[in-house]
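Just below is one structure, and these are the notes that go with it.
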Ligand code: ACO
């Protein structure tokens, strides 16, 4: 059985925050941020706007492009590390989209690798489980989890959502070829947003009993990152992973029309392209406008490139995500 990508969409918040804007709240400047990262602007959610609102907008656009009725969606995979609800946000998105055909909807948590994991999961559900129309949404609002006084992290991230519709098809039309997925929890210390230490150290609420519960409510610390380690990790594992996925797909580097990586840092995109000997005009990059939007970055960049006519029907894309966990993975797909 085959599966192919038949629609995409994306959404970003209205508020744009430039490097100059950031230099008013932390000790930084446009030159430092642009040279080290390639980022110039990012979009940030404000007021009552939520990640799920962006996710719904992106998914609606993907369904419209695919000309698929919401009632025909049988699976909604929301790739996010910043759900609006600790129990998961996918069912709320399913309801807001009006998917009433008794679908399954759940969250996948894998930070910046989330979308690639979602894409591969969609193909597995279609090939093994008889699902026909799978919405894969990558959406994150890391602005809510970064310390806006920490210039080492707050300059990097933005909020966004992107979505694709993956559809069952005949095997000759298959558009999801080889993939390669990994995780390494040993590297968690380099990038995390964990439950605050002092809330798991045995200091319980005022009505705690001798049994040691109930505990106090928990909250998460801001994003903690060792940028240099994450940078080195990405430049090392991503080219290897793409080579493995290509081999599984029975393809070579020359089969790649577009390199579409998680949009973390222009220097990472350039480093990976150099190692794979892919010319820079074959590398999709939009991080100057949006920063690192975590699980949203790949479908956001895909949607822009498809709608602008850059990526054309039938072209082969090597895509890869990498980030917290640590997690990483790649997939060779056809648009
Ligand atoms: N403005 C000005 N100066 C700064 C800033 C800033 N925003 N941030 C740090 N500096 C300073 C540092 O204090 C340091 O000063 P010093 O030399 O006097 O000590 C100097 O600049 C160099 O800092 P480094 O941290 O060594 O800079 P580096 O070149 O490593 O760049 C960066 C930092 C951009 C974060 C880079 O390491 C990076 O992009 N890493 C990868 C991050 C990433 O891609 N994460 C993806 C996963 S995200 C996820 O999964 C959620």
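Both the radius of gyration and Dmax for the chain are 19.8, 66 Å, in that order, over alpha-carbon atoms. The fraction of Cα-Cα pairs per 10 angstrom bin, counted from 0 for the stretch 36-99, comes to 18, 45, 26, 10, 1 percent, rounded to whole percents. One decimal place: the segment residue 25-residue 182 gains 52.8 nm when fully extended, by the rule 0.36 nm per residue minus the C-alpha distance.
Once the C-beta distance of residue 14 and residue 310 is scaled by a Förster radius of 25 Å, the resulting FRET efficiency is 0.50 to the nearest 0.05. Using C-alpha pairs below 8 Å separated by at least 6 residues, the relative contact order for the chain is 26 percent. For the stretch 214-251 and the stretch 121-161, what is the separation of their C-alpha centers, rounded to whole Å? Between the Cα centres of the stretch 214-251 and the stretch 121-161 lies a distance of 13 Å. Of the residues 24, 132, 100, the one that moves most in a GNM of the chain with alpha-carbon contacts below 10 Å is 24. Distance from the C-alpha centroid of the stretch 1-52 to that of the stretch 275-289: 18 Å, rounded to the whole angstrom.
Each Cα pair under 8 Å and six or more residues apart adds its separation to the average, and for the stretch 246-297 the resulting relative contact order is 43 percent. The ranking of 87, 131 by Cβ neighbour count inside 10 Å, starting from the fewest, reads 87, 131. Taken over the stretch 90-147, the ratio of Cα radius of gyration to 2.2 N^0.38 Å equals 1.27. Residue order for 333, 155, 256, fewest other beta carbons within 10 angstrom first, comes to 256, 155, 333.
Counting only Cα atoms, the size of the stretch 23-150 along its three principal axes is 53, 30, 29 Å, in decreasing order. When you work out D = kT/(6 pi eta Rh) for the stretch 97-198 at 37 °C and 0.692 mPa s, using the Kirkwood radius from C-alpha pairs as Rh and the Stokes-Einstein form, the result is 199 µm²/s. Dividing the mean sequence gap of close Cα pairs (under 8 Å, 6+ apart) by how many residues the stretch 239-335 holds gives a relative contact order of 35 percent. When the inverse distances between all different Cα atoms of the stretch 23-69 are averaged and flipped, the Kirkwood radius reads 13.9 angstrom. Along its first, second and third principal axes, ordered by size, the stretch 141-202 spans 55, 26, 22 Å in Cα coordinates. Panel values: the stretch 262-329, Kirkwood radius from alpha carbon pairs, Stokes-Einstein at 20 °C and 1.002 mPa s, translational diffusion coefficient 169 µm²/s.
In the elastic network of the chain, a GNM with C-alpha springs shorter than 10 Å, the most mobile of 302, 54, 22 is 22.
Working note: 222 nm ellipticity from helices only, DSSP H runs with n ≥ 4, each -39,500 (n - 2.57), summed and divided by the residues of the chain, gives -9000 deg cm²/dmol to the nearest 500. Oblate is the label for the stretch 76-119. Its Cα gyration tensor axes, ordered a ≥ b ≥ c, give a/c of at least 1.5 and b/c at or above a/b.
Placing one equal scatterer on every Cα of the stretch 211-303 and applying the Debye formula, the log10 ratio I(q)/I(0) at q = 0.15, 0.22 Å⁻¹ is -0.66, -1.21.
Laboratory data are not the source of any read-out in this text; all were calculated from the coordinates shown. Because the structure is predicted, anything quoted here is derived from the model rather than measured. Positions of Cβ are generated from backbone atoms using ideal geometry, with glycine treated the same way; all protein chains shown enter the neighbour counts.
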